[in-house]
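Chemist: Submitted below is the structure of interest, expressed as structure tokens.
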2 protein chains.
Amino acid sequence: MRLPIGLPKFTSFVLLALLTPATVAQNVILIIGDGMDDQQITMARNYLHGAKGQLALDTLPIRGAVQVVTLDHDDPSKVIYVADSANSATAIATGKITSRGRISTTADTDSDLQPITVDLKQAGYSVGIVTTASVTDATPAVFMANVSQRFCENPEMMVQAKIGGNWYANCEDDLIAKGGKGSISEQIARSSVDVVLGGGSKHFAVQAEASDLTVLEQAQAAGFSYVESGEVLDQLVNSSDDRILGLFSPSTMPVRWQASGGVAAEEPEPSLLNQVHEYLGDVTLPTPVQCEPNPGYGNTPPLARMTQAAITQLSKRSSQGFFLMVESASIDKQSHARRPCGQIGELLQLEETLQIALNFAANHGNTLILVTADHGQAAQIIPNNSLFNGYGIPVYTPGRLQRLITPEGSIMAMNYATNEFQAEEHTGVNIPLLANEQGRGFVPSFLMQSDIYGIIKNYLLAETR
Amino acid sequence: MRLPIGLPKFTSFVLLALLTPATVAQNVILIIGDGMDDQQITMARNYLHGAKGQLALDTLPIRGAVQVVTLDHDDPSKVIYVADSANSATAIATGKITSRGRISTTADTDSDLQPITVDLKQAGYSVGIVTTASVTDATPAVFMANVSQRFCENPEMMVQAKIGGNWYANCEDDLIAKGGKGSISEQIARSSVDVVLGGGSKHFAVQAEASDLTVLEQAQAAGFSYVESGEVLDQLVNSSDDRILGLFSPSTMPVRWQASGGVAAEEPEPSLLNQVHEYLGDVTLPTPVQCEPNPGYGNTPPLARMTQAAITQLSKRSSQGFFLMVESASIDKQSHARRPCGQIGELLQLEETLQIALNFAANHGNTLILVTADHGQAAQIIPNNSLFNGYGIPVYTPGRLQRLITPEGSIMAMNYATNEFQAEEHTGVNIPLLANEQGRGFVPSFLMQSDIYGIIKNYLLAETR
């Protein structure tokens, strides 16, 4: 019998789980599309399957809307209305709301919040973290580390490390010398997580604090087998039940797609006459493009391949079951960069990953698949021909525009207009949560983001099996 | 027994419904928030209940995502990716996709599509249409009329009637003299709908084609009792079972709220230095405002009051049950006008209306409540303090910005940046569909907009009661 949300307390669930003999492995695969709001999903649906088509996502039978709550860093008694990946992923990983930039630490008192991975490891589950970002990036980090600022990704980034402009990382209180836990990469090296796969090798190549070893050497000393290619990853998974740290790129992994020639969205160019008066002259819009393979993708292991390897290894490492978080990171990163093909190609990676998860669940019935986002993002689908074309004057978007020729032969126009800076802002929209049939009774039609933590705990720790 | 989606054909359903003795009335209340995508819903949630609060909408237990499909007017073999209310409401009302601007007519051949209201009247249900727009506006019109262009709202708008700029309405083929059905208001006057409530009296005050009567006089001659105030509406509902045409304003009904002083979103004002280089100088953002009552609202009957009257009258007019479409129109119209308080106050009207529907359903079990939108809209919640504030340079949105002081004491920033014209564009995002418990087995987690037609038909016509 499964207990629905909001019934007995977690503590009694844990006792129950520990006292009850496990007969069937129980798994949760949590897939996070970073920045994947409904605009991004619709863009991908239109491009990949046509306006009348559907994504694998769309076949999941249970849907909820997730409200994202963020505390104000300057006054944590108040909320703000747009999150970043650090605070939103912290809500998922710890069940607690916090302020932007925080990696599983509280907004006001900078206290550590215990990620769900620690509880699950203690309860006997194996745990894996897979991402197309650096494994030290905010979304994966909150599941493995506690630190005051997301930018403190390695030992060299802890004190007055320049982020850009006048912006400096500052996690001095998190230094090991000050009684802290150190940088994010160092905490990953020491963590009990079974499988960590993604980008970010540069954050492990540096010397660890107060040590002769690099962070990578510390991770290996702590029992991680290290791999740098998809081939070696597969060999390792086929030949051992080791804990695995796989880092396949220095930082964020390359994305699969780009627009023809690599162009990002561009500003429409109004004629001089139109700059004099909006009813006059005309405007030159960016030439429509198609998506093409990113030549920089090389032999980067796909997210689905990493996910398959993680599932196989995690299944070996606990007969009780596993928790796997998979992040498709560059939906967000490519939206910041105003690159819809990058976003769509990355969402395709999420789709392939979901198919891997669905295939596994088809043979392992007690597998809850959750797919969600962490926050909204900048891209909007706008008309290629304005609603107001009938006026006979040039009507065009401020900000940046890209027009994609879709495989069904139409033009999909998308704008990026949250700011004029070198990277777009997130948005505050509520975001989707989808689940397979195992989510029935666990996933309501509306929830707070921090409730996702309880759903996973209820599913894995509340069972009487 | 209720039959799930996609089982037997409608025709056999109709026969079944006619042959089976009705024992309990069966009702559908379809609430359409025009332009109500998840951004608009989140804005309203944050303002009305706080970031940790929930709307009445959020309590509905069943949720689907709706893909909106629009045909290209110039080449109906192709799709376009952003709808207008005419084609999207036509999909709901007729189950068929069409091109922008069309009122229940096909994209290619301009053929009439039979609205669901006609089928339901034939099957013995009473039917009502309630809106805060003019009753001749696109969303209500598709349920009562067939015409080639949405702007042909009255007999004077049929041929070369100026819309704006170089834009002219042209529905010459729909003239009665040409064998057509006439303008939208004339078709409403002749329709068999039981209750029609909203704005738009100016479209009924003009002389009907080839008649000595005004359109209103034609409606009265056809059996509508006419009312112009909420008080007289209530009196009529209390004293008769007449068909009712209630028109409470000349065109769109006034909205309930505005921003302090009536200001719309405004463009940020960068300093001269910032105009020289984006890393220099500073920017003046519009002053934060609060929502306040719109002084022009007067004694306009609220949407909830019109809905209550319609439910009462429709219940009297058929023992078999009713279909009621209620549109909260100005979520869209105020988003076009870049007025978030107008949008939020209108969404509050939708919330009150939903509460009326829920109260009715609590006492009338066989009542399916559906809440959906027709298409996405321009407003986006963006950070009040940019994600990139750490750079120490001014980062601000292109387009227009309004910053609202919310009742919980935070600032919610919203931008409008789909174009630079006098009204914003719609967006192509998929939109929500929510249902009460009666929707279980009828509303899937993902559907095409035109499937909503089938859901209503299945619910009302597929019953063995």
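Chemist: Among the residues of segment A:208-223, are any farther than 23 Å from residue A:175 by Cα, touching a residue at least 40 places away in the same chain (Cβ under 8 Å), crowded, with 17+ Cβ neighbours inside 10 Å and of a type in the set (D, E, K, R)?
Modeler: The answer is no, given that none of the residues of segment A:208-223 is farther than 23 Å from residue A:175 by Cα, touching a residue at least 40 places away in the same chain (Cβ under 8 Å), crowded, with 17+ Cβ neighbours inside 10 Å and of a type in the set (D, E, K, R).
Chemist: Counting only residues that are touching a Ser or Thr at 6+ places or on another chain (Cβ under 7 Å), give me the strands (runs of 3 or more DSSP E) lying completely in segment A:129-244 with at least 2 of them.
Modeler: Working: elements: A:159-164, A:167-170, A:195-199, A:224-227.
Ranges flagged: A:195-199.
Yes/no per residue for (1) within 29 Å of residue B:462 (Cβ to Cβ); (2) touching a Gly at 6+ places or on another chain (Cβ under 7 Å):
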position	(1), (2)
B:123	yes, no
B:138	yes, no
B:146	yes, no
B:160	no, no
B:164	no, no
B:182	no, no
B:189	no, no
B:209	no, yes
B:217	no, no
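Chemist: Taking residue B:87, is it farther than 22 Å from residue B:304 by Cα, more than 10 Å from every other protein chain (Cβ to nearest Cβ) and not small (Gly, Ala, Ser)? It would help to see each step written out before you state the result.
Modeler: Details: farther than 22 Å from residue B:304 by Cα: yes; more than 10 Å from every other protein chain (Cβ to nearest Cβ): yes; not small (Gly, Ala, Ser): yes.
When the stated conditions are applied, residue B:87 passes them.
Chemist: Right, another one. Name the single residue, out of those in segment A:250-268 being of a type in the set (S, T, N, Q) and part of a loop (DSSP other than H, G, I, E, B), that is nearest to residue A:340 (Cα to Cα). So that I can check it myself, show each step before the final result.
Modeler: Taking segment A:250-268 first, the residues of a type in the set (S, T, N, Q) are A:251-252, A:258, A:260.
Among the residues that remain, those that are also part of a loop (DSSP other than H, G, I, E, B) are: A:251-252.
Values: A:251: 21, A:252: 17 Å.
Checked segment A:250-268; the qualifying residue nearest to residue A:340 (Cα to Cα) is A:252.
Chemist: Given A:386, A:335, which one is crowded, with 20+ Cβ neighbours inside 10 Å and within 30 Å of residue A:324 (Cβ to Cβ)? Full working, then the answer.
Modeler: Values: A:386 fails: within 30 Å of residue A:324 (Cβ to Cβ).
That would be A:335, the only listed residue that is crowded, with 20+ Cβ neighbours inside 10 Å and within 30 Å of residue A:324 (Cβ to Cβ).
Chemist: Okay, moving on. Given (1) more than 20 Å from residue B:72 (Cα to Cα); (2) polar (S, T, N, Q); (3) at pLDDT 95 or above, where does residue A:402 come up short, assuming only one miss?
Modeler: Evaluating residue A:402 over (1) more than 20 Å from residue B:72 (Cα to Cα); (2) polar (S, T, N, Q); (3) at pLDDT 95 or above leaves (1) as the failure.
Chemist: Identify the residue in segment B:409-437 that is over 21 Å from the mean Cα position of the chain (by Cα) and within 30 Å of residue A:72 (Cα to Cα) and, among all such residues, is surrounded by the fewest Cβ atoms within 10 Å (Cβ to Cβ).
Modeler: Checked segment B:409-437; the qualifying residue surrounded by the fewest Cβ atoms within 10 Å (Cβ to Cβ) is B:409.
Chemist: Yes or no: residue A:320 more than 14 Å from every other protein chain (Cβ to nearest Cβ), at pLDDT 95 or above and either under 25 Å from residue B:88 (Cα atoms) or more than 15 Å from the chain's Cα centre (by Cα) (or both)? Before the answer, list the steps.
Modeler: Details: more than 14 Å from every other protein chain (Cβ to nearest Cβ): yes; at pLDDT 95 or above: yes; either under 25 Å from residue B:88 (Cα atoms) or more than 15 Å from the chain's Cα centre (by Cα) (or both): yes.
Answer is yes for this residue.
Chemist: Another question, if that's okay. Here's a check for you: in segment B:23-54, which residue that is modelled with pLDDT under 95 and of a type in the set (A, V, I, L, M, F, W, C) is nearest to residue B:324 (Cα to Cα)?
Modeler: Step by step, filter segment B:23-54, then rank; the result is B:25.
Chemist: Just one of B:205, B:221, B:189, B:259 is within 30 Å of residue B:399 (Cβ to Cβ) and at pLDDT 95 or above; which is it?
Modeler: On the way: B:205 fails: within 30 Å of residue B:399 (Cβ to Cβ); B:221 fails: within 30 Å of residue B:399 (Cβ to Cβ); B:189 fails: within 30 Å of residue B:399 (Cβ to Cβ).
Just a single option satisfies the conditions, and that option is B:259.
Chemist: Under the condition of being on the phi < 0 side of the Ramachandran plot, assigned to a loop (DSSP other than H, G, I, E, B) and touching a residue at least 24 places away in the same chain (Cβ under 8 Å), which residue from segment A:40-61 is farthest from the other protein chains (Cβ to nearest Cβ)? Working first, answer last.
Modeler: In the first step, residues of segment A:40-61 are kept if they are on the phi < 0 side of the Ramachandran plot; the result is A:40-49, A:51-61.
Those still in the list that are assigned to a loop (DSSP other than H, G, I, E, B) too: A:51-56, A:60-61.
Checking which are touching a residue at least 24 places away in the same chain (Cβ under 8 Å) leaves us with A:51, A:55-56, A:60-61.
Working: A:51: 4, A:55: 8, A:56: 11, A:60: 6, A:61: 5 Å.
Top of the filtered list is A:56.
Okay, residues lined up against (1) crowded, with 19+ Cβ neighbours inside 10 Å; (2) in a helix (DSSP H, G or I):
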position	(1), (2)
A:278	no, no
A:301	yes, no
A:310	yes, yes
A:323	yes, no
A:327	yes, no
A:331	yes, yes
A:343	yes, yes
A:346	yes, yes
A:355	no, yes
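Chemist: Under the condition of being of a type in the set (S, T, N, Q) and within 14 Å of chain B (Cβ to nearest Cβ), which residue from segment A:149-177 is surrounded by the most Cβ atoms within 10 Å (Cβ to Cβ)?
Modeler: As a first pass, look at segment A:149-177 and keep what is of a type in the set (S, T, N, Q): A:149, A:154, A:160, A:166, A:170.
This time we only want the ones that are within 14 Å of chain B (Cβ to nearest Cβ), so: A:149, A:160, A:166, A:170.
Working: A:149: 23, A:160: 9, A:166: 10, A:170: 16.
Among those that are of a type in the set (S, T, N, Q) and within 14 Å of chain B (Cβ to nearest Cβ), it is A:149.
Chemist: Within the group B:62, B:5, which residue is modelled with pLDDT under 95, touching a Gly at 6+ places or on another chain (Cβ under 7 Å) and either within 20 Å of residue B:450 (Cα to Cα) or of a type in the set (Gly, Ala, Ser) (or both)? Explain how you work it out, then say what you get.
Modeler: On the way: B:62 fails: modelled with pLDDT under 95.
Every option except B:5 fails the conditions.
Chemist: If you don't mind, there's one more thing I want to ask. Right, residue B:104: at pLDDT 95 or above, among the small types (Gly, Ala, Ser) and buried (at least 20 other Cβ atoms within 10 Å of the Cβ) or not?
Modeler: Values: at pLDDT 95 or above: yes; among the small types (Gly, Ala, Ser): yes; buried (at least 20 other Cβ atoms within 10 Å of the Cβ): yes.
Taking the combined requirement at face value, the residue satisfies it.
Chemist: So, one more: Within segment B:412-430, how many residues are in contact (Cβ under 8 Å) with a residue 24 or more places away in the chain and either at the interface with chain A (Cβ under 8 Å from one of its Cβ atoms) or not in a strand (DSSP E or B) (or both)?
Modeler: Here is the first cut: in segment B:412-430, the residues in contact (Cβ under 8 Å) with a residue 24 or more places away in the chain are B:412-418, B:423-430.
So of that shortlist, the ones also either at the interface with chain A (Cβ under 8 Å from one of its Cβ atoms) or not in a strand (DSSP E or B) (or both) come out as B:412-413, B:415, B:417-418, B:423-430.
Of the residues in segment B:412-430, 13 are in contact (Cβ under 8 Å) with a residue 24 or more places away in the chain and either at the interface with chain A (Cβ under 8 Å from one of its Cβ atoms) or not in a strand (DSSP E or B) (or both).
Chemist: Check residue A:420 against each of (1) under 20 Å from residue A:35 (Cβ atoms); (2) touching a strand residue (DSSP E or B) at 6+ places or on another chain (Cβ under 7 Å) and name the one condition it does not meet.
Modeler: Here residue A:420 meets the rest and fails (2).
Chemist: Out of all the residues in segment A:148-193, which are in contact with a Phe, Trp or Tyr (Cβ under 8 Å, 6 or more places away or on another chain) and small (Gly, Ala, Ser)?
Modeler: Across segment A:148-193, the qualifying residues are A:161, A:164, A:165, A:169, A:185, A:189.
Chemist: Same structure again: Could you check residue B:282 against (1) modelled with pLDDT under 95; (2) buried (at least 19 other Cβ atoms within 10 Å of the Cβ) and say which number it fails?
Modeler: Of (1) modelled with pLDDT under 95; (2) buried (at least 19 other Cβ atoms within 10 Å of the Cβ), only one is false for residue B:282: (2).
Chemist: Now for a different question. Out of (1) buried (at least 22 other Cβ atoms within 10 Å of the Cβ); (2) assigned to a loop (DSSP other than H, G, I, E, B); (3) modelled with pLDDT of 95 or more, the odd one out for residue A:441 is which?
Modeler: Of (1) buried (at least 22 other Cβ atoms within 10 Å of the Cβ); (2) assigned to a loop (DSSP other than H, G, I, E, B); (3) modelled with pLDDT of 95 or more, only one is false for residue A:441: (1).
Chemist: Something else now. Please determine, by comparing only the residues of segment A:431-457 that are hydrophobic (A, V, I, L, M, F, W, C) and within 11 Å of chain B (Cβ to nearest Cβ), which one is nearest to residue A:336 (Cα to Cα).
Modeler: Residues of segment A:431-457 that are hydrophobic (A, V, I, L, M, F, W, C), as a first pass: A:431, A:433-435, A:442-443, A:446-448, A:452, A:455-456.
From the residues that got through so far, the ones that are within 11 Å of chain B (Cβ to nearest Cβ) too are A:431, A:433-435, A:443, A:446-448.
On the way: A:431: 17, A:433: 22, A:434: 24, A:435: 27, A:443: 30, A:446: 27, A:447: 27, A:448: 25 Å.
Step by step, filter segment A:431-457, then rank; the result is A:431.
Chemist: Out of segment B:391-408, which residues are facing another protein chain (nearest Cβ under 8 Å), surrounded by fewer than 19 Cβ atoms within 10 Å (Cβ to Cβ) and in contact with a Phe, Trp or Tyr (Cβ under 8 Å, 6 or more places away or on another chain)?
Modeler: Result: B:391, B:392.
Chemist: Further, regarding this structure: Within segment B:231-238, is even one residue of a type outside the set (Lys, Arg) and touching a strand residue (DSSP E or B) at 6+ places or on another chain (Cβ under 7 Å)? Outline the logic, then answer.
Modeler: Initially, segment B:231-238 is screened for residues of a type outside the set (Lys, Arg), giving B:231-238.
This time we only want the ones that are touching a strand residue (DSSP E or B) at 6+ places or on another chain (Cβ under 7 Å), so: B:233, B:236.
Yes, segment B:231-238 has at least one match.
Chemist: Would you mind finding the one in A:373, A:378 that is facing chain B (nearest Cβ under 9 Å), under 23 Å from residue A:326 (Cα atoms) and either in contact (Cβ under 8 Å) with a residue 40 or more places away in the chain or buried (at least 21 other Cβ atoms within 10 Å of the Cβ) (or both)?
Modeler: A:378
Chemist: Do we have any residue at all in segment A:361-368 that's over 17 Å from the mean Cα position of the chain (by Cα), away from every other protein chain (no Cβ under 12 Å), within 25 Å of residue B:416 (Cα to Cα) and assigned to a helix (DSSP H, G or I)? Before you say what the answer is, go through the steps one by one.
Modeler: The initial filter retains those residues of segment A:361-368 that are over 17 Å from the mean Cα position of the chain (by Cα), namely A:361-368.
Now drop any that are not away from every other protein chain (no Cβ under 12 Å), which leaves A:361-368.
Those left that are additionally within 25 Å of residue B:416 (Cα to Cα): none.
Within segment A:361-368 (the criterion being over 17 Å from the mean Cα position of the chain (by Cα), away from every other protein chain (no Cβ under 12 Å), within 25 Å of residue B:416 (Cα to Cα) and assigned to a helix (DSSP H, G or I)), the answer is no, since none of the residues qualifies.
The values are calculated or read from the model by the stated rules, or taken from the named source; none is laboratory data. Keep in mind that this is a model prediction, so the values were computed, not measured. In this analysis, Cβ positions are derived from the backbone assuming ideal geometry, glycine residues included, and neighbour counts consider all displayed protein chains.
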